[in-house]
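Here the structure is laid out as structure tokens; the discussion comes afterwards.
Computed from the coordinates by the stated procedures, all read-outs in this text should not be read as laboratory data. Note that the coordinates shown come from a computational prediction; the quantities given were computed from them, not determined experimentally. Here the Cβ is made from the backbone with ideal geometry for all residues, glycine too, and neighbour counts use every protein chain on show.
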Amino acid sequence: MSLHEKLTTPFFELNVTNETDRLESVILGIGTDLGKELDINPTSKWHIEQGTYPTEKAIQAEIKQFEEVLRLEGVEVLRPENIPGTDQIFTRDIGFVIDDVYVVARMQEEVRQLELPGIAHITSLFDPTKIIVPPQEATIEGGDVILYNDFVFVGISARTNYAGYEFIKAAFPKKNVFPIHLRVSDDRMENILHLDCTFQPLGKNEAIIYEKGFAQRPDILFDLFHEKDLIKITHDQLMRMVPNIFSIAPDTVVVESSFKLLTPLLKSRGYKTYAVDYHENAKLSGLLRCSTQPLRRRAQ
């Protein structure tokens, strides 16, 4: 069911159980009327200091490339309504779907909460009994929540606390929910902002991983994914946000155009790849997965 069919159907259909099923509907960021530069993570702060903070024009041009790929693959692309002075780029963080339930995120940075009204015209179409909100003491952002069918991995980071993990675990008792403790630092070279910056499942029971991105070894990940199925990246690749690719289907992946090592490796493993320029957005410590909020995927 598309957004445009809302007049003839009761509620917008939500369905997301993993990161790789065929994507049908997604909210993609806009990056319009950004307002002041935000130093809310070590990477963006560093680019402010260096005078290399991305321009609004560059951000929008990159998002446009990504949008064109999504539409080419037949995906319904929904957009936030513009709220001047807010980034509205990384829609992943402000809300996410688990199965047919919509979780309203509670962000650590107050300025990110201002983005929520921008998607109200979409979330108002959801079944209100299928919308849940974390308690005040819990912080949780979508970049820290990764779905793998019956498993949900919740990154414990500077943005998502343990109470956020406990909220997800209690809200989804039929899921196997695991906390994944991330390495947190004020040093941009060491900090892992979200779980999807260091780990990302792929559609052939494989995953991209930076092994040193964790405060504690995540045994569950190494138990689920065999050694041969893990694409292990270097620190240099981490800094370019290589794990933060985006799957449109089990065999179809969007990557950043500079990923010269990852792209041929994915192709050799049977993946169709689309390459888009996204290095300016990366300066804000977000990439392709960060810019998307999937609402519906369909198993093939």
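Worth pointing out:
- Relative frequency of Cα-Cα separations exceeding 17 Å in segment 121-175, percent: 43
- Over all pairs of different C-alpha atoms, segment 25-175 has a mean inverse distance whose reciprocal, the Kirkwood radius, equals 16.6 Å.
- For Asn18, the residues whose amide H sits under 5 Å from its own are Asn149, ignoring neighbours fewer than 5 places away on the same chain, with H placed 1.01 Å from N.
- For segment 224-300 and segment 159-218, distance of Cα centres in Å: 16
- Antiparallel DSSP beta bridges within the chain, as percent of all bridges there, nearest 5: 55
- The chain, relative contact order in percent, only Cα pairs under 8 angstrom and at least six apart counted: 25
- Assuming charge only on the beta carbon of Lys and Arg (+1) and of Asp and Glu (-1), the dipole of the chain about its Cα centre is about 560 debye to the nearest 20.
- Global geometry of the chain, whether rounded, prolate or oblate, following the gyration tensor of its Cα atoms and the 1.5 cut on a/c: rounded
- Contact order normalised by residue count of segment 174-300, Cα under 8 Å, 6+ apart, percent: 20
- The value given for segment 170-222 is a Kirkwood hydrodynamic radius of 12.4 Å, derived from the mean inverse Cα-Cα separation.
- For segment 197-300, a/c is less than 1.5, where a ≥ b ≥ c are the root eigenvalues of the C-alpha gyration tensor. That puts it in the rounded class.
- Whether segment 97-246 is rounded, prolate or oblate, judged on the alpha carbon gyration tensor where a/c under 1.5 counts as rounded: prolate
- For Thr292, residues with placed amide H under 5 Å, excluding near neighbours: Thr91, Arg92
- Ranking His121, Ile146, Phe96 by Cα position along the charge dipole of segment 92-154, where only Lys, Arg, Asp and Glu carry charges on their C-beta atoms, puts His121 farthest toward the positive end.
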